[in-house]
Ligand SMILES: [Zn+2]
């Protein structure tokens with residue numbers, strides 16, 4: 001592909017902001033980024049004028065179940081492509097497909113097809129439309145707490161001591177397993193933490209009723225993340241702080257939040273921002289098939305949920321994922337007083353760092369993938385470019 005140059009009003013790398021800037025792209029990679037007058041343009045290079053917009057890296061969503069009518073667990077190649085294109089419209093250019101608790105056979109079948117799709121997604125085929133890259137798999141369950149299961153089907157919740165199942169899941173994932181959400185208080189959980197770490201996974205505490213001590217024991221073994229903090233967790237009390245006490249005070253633990261204004265009250269989000277700082281907080285959607293779709297009934301994993309007013313619940317009225325998109329989550333953080341560049345970081349660089357891929361994703365720097373967003377001053381998405389495209393697609 002020929003190199004192109006894109007001029008912008010501003011770039012948020014998002015470590016710094018650069019006004020009157022230019023991004024140079026060749027073969028899907030950024031080859032230069034900086035102030036317009038500091039970057040030398042190769043002669044004859046094709047220049048795109050995006051001076052109406054701020055360019056930021058594409059969002060990275062590490063907890064997403066589906067979108068556009070499809071769930072990652074049932075999706076075939078066509079369904080996954082539809083999910084990838086749907087979330088890209090809202091600025092997400094890379095994601096970790098998240099499974100829910102299901103039967104071992106259903107789970108492993110899904111893992112096999114997601115692993116295949118992840119490998120295919122790394123290929124360099126040219127694409128006309130923005131589509132998010134599949135980065136691998138997040139196992140949300142089955143090694144979770146019955147008491148904090150949320151909508152996960154109790155029938156298929158498994159004990160970590162059942163090591164055979166985890167091994168089977170790893171084999172089905174064929175090296176593409178990235179994150180394990182688990183409950184540290186279960187028998188055999190600490191050994192599971194170690195085995196997941198050895199497999200290169202990020203171990204996340206979630207759907208858990210752990211006490212402070214139980215959470216700290218898991219952190220000592222290598223748990224370093226917390227899944228949709230406050231949701232599906234033992235509540236905080238000043239004399240029994242529980243897993244939240246550990247998550248809020250241990251700097252090595254990063255925290256996910258579903259910032260849709262429904263899952264967590266705004267004051268609780270602010271508490272999390274104060275405790276974790278902007279660099280240890282990761283915005284996720286926990287989005288399900290109903291995202292960017294009308295209200296109705298949708299599948300989540302292997303069960304059905306109903307969506308009304310954009311809020312997803314199971315038949316017992318429990319919250320069942322969301323219809324959130326990361327652009328909205330970023331704007332909510334700004335509404336809560338977080339500076340725009342830091343809110344953008346929570347949806348780009350922080351999740352990329354969490355996965356250890358920050359040289360490739362979540363950052364506008366030389367050598368990184370050309371996944372770009374074109375944002376207005378209120379952080380609405382007006383254009384997206386993903387690395388396989390020849391040119392950006394922006395509104396005019
Ligand atoms: Zn989830």
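The values are calculated or read from the model by the stated rules, or taken from the named source; none is laboratory data. Owing to the predicted nature of the structure, the values given are computational and were not obtained by experimental measurement. Every residue, glycine as well, gets a Cβ built from its backbone with ideal geometry; the counts of neighbours run over all protein chains shown.
Table: residues versus (1) at pLDDT 95 or above; (2) within 24 Å of residue 189 (Cα to Cα).
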{"site": "245", "(1), (2)": "yes, yes"}
{"site": "255", "(1), (2)": "yes, yes"}
{"site": "258", "(1), (2)": "yes, no"}
{"site": "269", "(1), (2)": "yes, no"}
{"site": "284", "(1), (2)": "yes, no"}
{"site": "301", "(1), (2)": "no, yes"}
{"site": "314", "(1), (2)": "no, no"}
{"site": "317", "(1), (2)": "no, no"}
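Just one of the listed residues (134, 120) is more than 16 Å from the ligand (Cβ to nearest atom) and over 27 Å from residue 255 (Cα atoms), namely 120.
You will find that of 145, 110, 172, the residue that is in a helix (DSSP H, G or I), over 26 Å from residue 330 (Cβ atoms), outside the structural domain of residue 390 (by TED's automatic domain parsing) and within 16 Å of the ligand (Cβ to nearest atom) is 110 and no other. Restricting the range 132-142 to residues that are assigned to a loop (DSSP other than H, G, I, E, B) and at pLDDT 95 or above, the residue that is nearest to residue 382 (Cα to Cα) is 132.
Taken over the range 55-73, the residue count meeting the criterion of being more than 16 Å from the ligand (Cβ to nearest atom), more than 16 Å from residue 370 (Cβ to Cβ) and part of a strand (DSSP E or B) is 0.
For (1) within 16 Å of the ligand (Cβ to nearest atom); (2) over 23 Å from residue 132 (Cα atoms); (3) surrounded by 15 or more Cβ atoms within 10 Å (Cβ to Cβ), each residue gets a yes or a no:
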residue: 306; (1), (2), (3): no, yes, yes
residue: 311; (1), (2), (3): yes, yes, yes
residue: 317; (1), (2), (3): no, yes, no
residue: 331; (1), (2), (3): no, no, yes
residue: 337; (1), (2), (3): no, yes, no
residue: 344; (1), (2), (3): no, no, yes
residue: 349; (1), (2), (3): no, no, yes
residue: 353; (1), (2), (3): no, no, yes
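Taken together, the residues in the range 158-186 that are out of contact with any helix residue (DSSP H, G or I) (no Cβ under 7 Å at 6 or more places or on another chain) and at pLDDT 95 or above amount to 7. Taking the criterion of being on the phi > 0 side of the Ramachandran plot, away from the ligand (no atom under 16 Å from the Cβ) and within 25 Å of the chain's Cα centre (by Cα), the residues of the range 185-237 that qualify are 200, 222. Set side by side, the residues 101, 77, 86 differ, and just one is surrounded by 18 or more Cβ atoms within 10 Å (Cβ to Cβ) and either at pLDDT below 95 or closer than 28 Å to residue 331 by Cα (or both), which is 86. Among the residues of the range 87-101, is there at least one that is in the same structural domain as residue 302 (by TED's automatic domain parsing), over 19 Å from residue 283 (Cα atoms) and more than 16 Å from the ligand (Cβ to nearest atom)? No, because not a single residue in the range 87-101 is in the same structural domain as residue 302 (by TED's automatic domain parsing), over 19 Å from residue 283 (Cα atoms) and more than 16 Å from the ligand (Cβ to nearest atom).
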